[in-house]
Amino acid sequence: MPGHRVAVIGAGGIGVDVSHWLTHDERDDFMEVWGVGDPSVHPGGLTEAKPRTAAREVTLLQRKTSVIGKNLGKTSGWAHRAVLKQAGVTKVSGATYTAVQGHPEGVELLYAVDGETRSLVVDHVVVCAGQESVRSVFDGLTHDSAHLIGGADVAAELDAKRAIEQGTRV
């Protein structure tokens, strides 16, 4: 199970979905979070939205300098961006990744934005980036709990069903 602090590298559709899943708190009621009520009690079926409780602190990073979520689906992108905002996801654009290394409090992700080096200490780093299997980072890890799944394992044909099954097994 992912720890309380998670960095997600890659802010495409999969990175956004993973961030959404990581922040999801099962105790939140969908209707309350989105301000939807019984129309016989609330005019128009609308109530005041209840603040969402994020299950984890998530930082979502991307190499592109554009706004995160800009290229999400035209009809659903707004909802994904709203969920990230509600959950307090920290969004970082224009990141250049330097290293992932051990740290006494978890894992340290070193990256730069506009030439300024930054450090992020988290419990887990999830990589949702790239269309080619790049195993060099994984091969360099000595941590026994690292797992290679999804497109990082085999990117020949991106297969969401296989990736989800692998992630579930981990």
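The values are calculated or read from the model by the stated rules, or taken from the named source; none is laboratory data. This is a predicted model, so every value here is computed, not measured. Cβ coordinates were reconstructed from backbone atoms using ideal geometry, including for glycine residues, and neighbour counts include every protein chain displayed. SASA here: full protein model, heavy atoms, side chains in, ligands and nucleic acids out. Shrake-Rupley method; radii C 1.70, N 1.55, O 1.52, S 1.80 Å.
Out of all the residues in region 37-48, which are small (Gly, Ala, Ser) and in a loop (DSSP other than H, G, I, E, B)?
In the first step, residues of region 37-48 are kept if they are small (Gly, Ala, Ser); the result is 37, 40, 44-45.
Scanning region 37-48 gives GLY37, SER40.
Among the listed residues ARG118, ARG135, which satisfies the condition of being modelled with pLDDT of 90 or more, open to solvent by 50 Å² or more (accessible area, probe 1.4 Å) and over 17 Å from the mean Cα position of the chain (by Cα)?
Details: ARG135 fails: modelled with pLDDT of 90 or more.
Within the list ARG118, ARG135, the selection yields ARG118.
Here's a check for you: in region 50-69, which residue that is open to solvent by less than 60 Å² (accessible area, probe 1.4 Å) and touching an Asp or Glu at 6+ places or on another chain (Cβ under 9 Å) is nearest to GLY10 (Cα to Cα)?
Checking each candidate, the answer is ARG56.
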Look through THR47, THR98 and report the one residue that is open to solvent by 60 Å² or more (accessible area, probe 1.4 Å) and in contact (Cβ under 8 Å) with a residue 12 or more places away in the chain.
THR98
Any residue in region 20-42 that is without any contact (Cβ under 8 Å) to a residue 40 or more places away in the chain and more than 28 Å from ILE9 (Cβ to Cβ) sitting within a Cβ distance under 8 Å of a residue that is open to solvent by less than 60 Å² (accessible area, probe 1.4 Å) and not small (Gly, Ala, Ser)? List the pairs, counting only those 6 or more apart or interchain.
PHE30/VAL36; GLU32/THR47; GLY35/THR47; VAL36/THR47; GLY37/THR47
Are any residues in region 4-36 part of a loop (DSSP other than H, G, I, E, B) and either at pLDDT 90 or above or closer than 30 Å to VAL125 by Cβ (or both), and if so, which ones?
HIS4, GLY10, ALA11, GLY12, HIS24, ASP25, GLU26, ARG27, ASP28
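Hey, can you tell me all the residues within region 49-97 that are in a helix (DSSP H, G or I) and not small (Gly, Ala, Ser)? Spell out the reasoning first.
First, pick out the residues of region 49-97 that are in a helix (DSSP H, G or I): 77-86.
Answer for region 49-97, where residues must be in a helix (DSSP H, G or I) and not small (Gly, Ala, Ser): TRP78, HIS80, ARG81, VAL83, LEU84, LYS85, GLN86.
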The residue that is surrounded by the most Cβ atoms within 10 Å (Cβ to Cβ), considering only those in region 1-44 that are among the polar types (S, T, N, Q) and in contact with a strand residue (DSSP E or B) (Cβ under 9 Å, 6 or more places away or on another chain), is SER19
Do you know which residues across region 12-47 are closer than 19 Å to TRP78 by Cα and of a type in the set (D, E, K, R)?
ASP17, GLU32
